[in-house]
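The structure under discussion appears below in the form of structure tokens.
The values are calculated or read from the model by the stated rules, or taken from the named source; none is laboratory data. Just so we're clear, the structure is a prediction, and the values are computed from it rather than from any experiment. Counting neighbours? That spans all protein chains shown, and the Cβs are built from the backbone with ideal geometry, glycine included.
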Amino acid sequence: MLRKLTIGAAALALGASTAAAQTTLRFNNWIPATHFIIADGYVKYFEDIAKATEGRIKIELTAQSLGAPPRQMQLAVDGIADIAWGVHSYTPGTYPLAEMVELPFIGHGADKDSVAYWRVYKAMFEKTGMHPATVHTLAVHVHPPGHVYNSKQAIKSVEDFKGLKLRTANATTTIAFEKFGAVPITMPVTQLRDSLSKGVVDGTMFTSEGFVNFRIADMIKHGTLIEGGLYSQSFFIVMNKKKWDSLPEKDRAAIDKLSGEALARRIGKRWQDEENAGHDKLTKAGVQLVKADAAMMAKMKEALAHIEKAWIDKVKANGVDGAAAIKMLREEAAKM
């Protein structure tokens, strides 16, 4: 009888130990769970983590956001969310180094740029404390280079921007539109359809896939594709550092193997695939797409040359050689 009790107690203890070894992490989700970057990107990444850790680590999406989009980093810092994904430029001026990938004419595609960005981050940015010490950075990445779309007229020269009311994506595009004679208007993408329908804006900076996935392709008639893009967007995915440190070493190693460059490549490729498909869908929907010609590109580059120089000067305060960082980004992207 005593032996049976001993075996039973041991079994219960083993069960309790196994249960204790299973950790569920909360990923704060602030966009529709059906969005391809969540459903086909991050959810699959989380599934791979569960497999790699033999089920010890499970990552679940929140049913609704625990904070506004600009608060994503803070949610992870405070431990309100275990993992958070966000946009650096949603808190302007906080992450000057991230502005590198938002410079005009710098893009090669989300797949190439995301990997190149991660390599620059590891080589030059991480050691400067670009992100708070209270988070563990799982990856940085970008979305595809953005172009100019509107409902009024084809933009085939810098002069064609004059007077158009255009939604801006960040500080860079605000400066660009002002230089080109357009009227920059800041607003979240969730307000874009209503603003286009009411004439509050005539157009916007955006990605091709964005029009399709936010179901506003019917609101535009013209698109101007700019070599290298006029902007991109810098993203982070981070985990609360205390939570990260609490995980078993072997599980941290398994997660790291799937993160970093591997995650930047995964998300970047998925986004670029969607962008390519979105471009085709816009064309089939009757949106007139034109490429900025050499003369237009030359004028835009001349007008915006100061932006890159200003960024290089600004990040000296962070101890970063900005020109070297841009050079590395371009070279690493070109390799792919």
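Of all residues in the stretch 1-55, those that are surrounded by fewer than 10 Cβ atoms within 10 Å (Cβ to Cβ) and either at pLDDT 50 or above or not aliphatic (A, V, I, L, M) (or both) total 5.
Return yes or no: is Trp244 in contact with an Asp or Glu (Cβ under 8 Å, 6 or more places away or on another chain) and among the aromatic types (Phe, Trp, Tyr)? So Trp244 fails the test. Residues in the stretch 99-115 include none that are in contact with a strand residue (DSSP E or B) (Cβ under 6 Å, 6 or more places away or on another chain) and either over 25 Å from His279 (Cα atoms) or not in a helix (DSSP H, G or I) (or both). Summed over the stretch 287-326, residues that are closer than 24 Å to Ser151 by Cβ and not aliphatic (A, V, I, L, M) total 4.
Between Ser195, Ser208, the distinction of being more than 30 Å from Ala298 (Cα to Cα) and touching a residue at least 12 places away in the same chain (Cβ under 8 Å) belongs to Ser195 only. Tell me, please, whether a residue that is polar (S, T, N, Q) and farther than 30 Å from Lys122 by Cβ can be found in the stretch 238-258. Within the stretch 238-258, none of the residues are polar (S, T, N, Q) and farther than 30 Å from Lys122 by Cβ.
Applying the selection to the stretch 74-98, what residues are among the polar types (S, T, N, Q) and in a helix (DSSP H, G or I)?
Gln74, Ser89 - these are the residues of the stretch 74-98 that are among the polar types (S, T, N, Q) and in a helix (DSSP H, G or I).
Within the stretch 285-309, the set of residues being assigned to a helix (DSSP H, G or I) and either surrounded by 13 or more Cβ atoms within 10 Å (Cβ to Cβ) or not assigned by TED's automatic domain parsing to the domain that holds Ala217 (or both) comprises Met296, Met297, Lys299, Met300, Lys301, Ala303, Leu304, Ile307, Glu308.
Of the residues Pro96, Pro70, which single one is touching a helix residue (DSSP H, G or I) at 6+ places or on another chain (Cβ under 6 Å), within 30 Å of Val315 (Cβ to Cβ) and free of Cβ contacts under 8 Å to residues at least 24 places away in the same chain?
Being touching a helix residue (DSSP H, G or I) at 6+ places or on another chain (Cβ under 6 Å), within 30 Å of Val315 (Cβ to Cβ) and free of Cβ contacts under 8 Å to residues at least 24 places away in the same chain holds for just one of Pro96, Pro70, which is Pro70.
Among the conditions (1) surrounded by 14 or more Cβ atoms within 10 Å (Cβ to Cβ); (2) modelled with pLDDT of 95 or more; (3) under 30 Å from Leu304 (Cα atoms); (4) of a type in the set (S, T, N, Q), Thr94 misses just one, which is (1).
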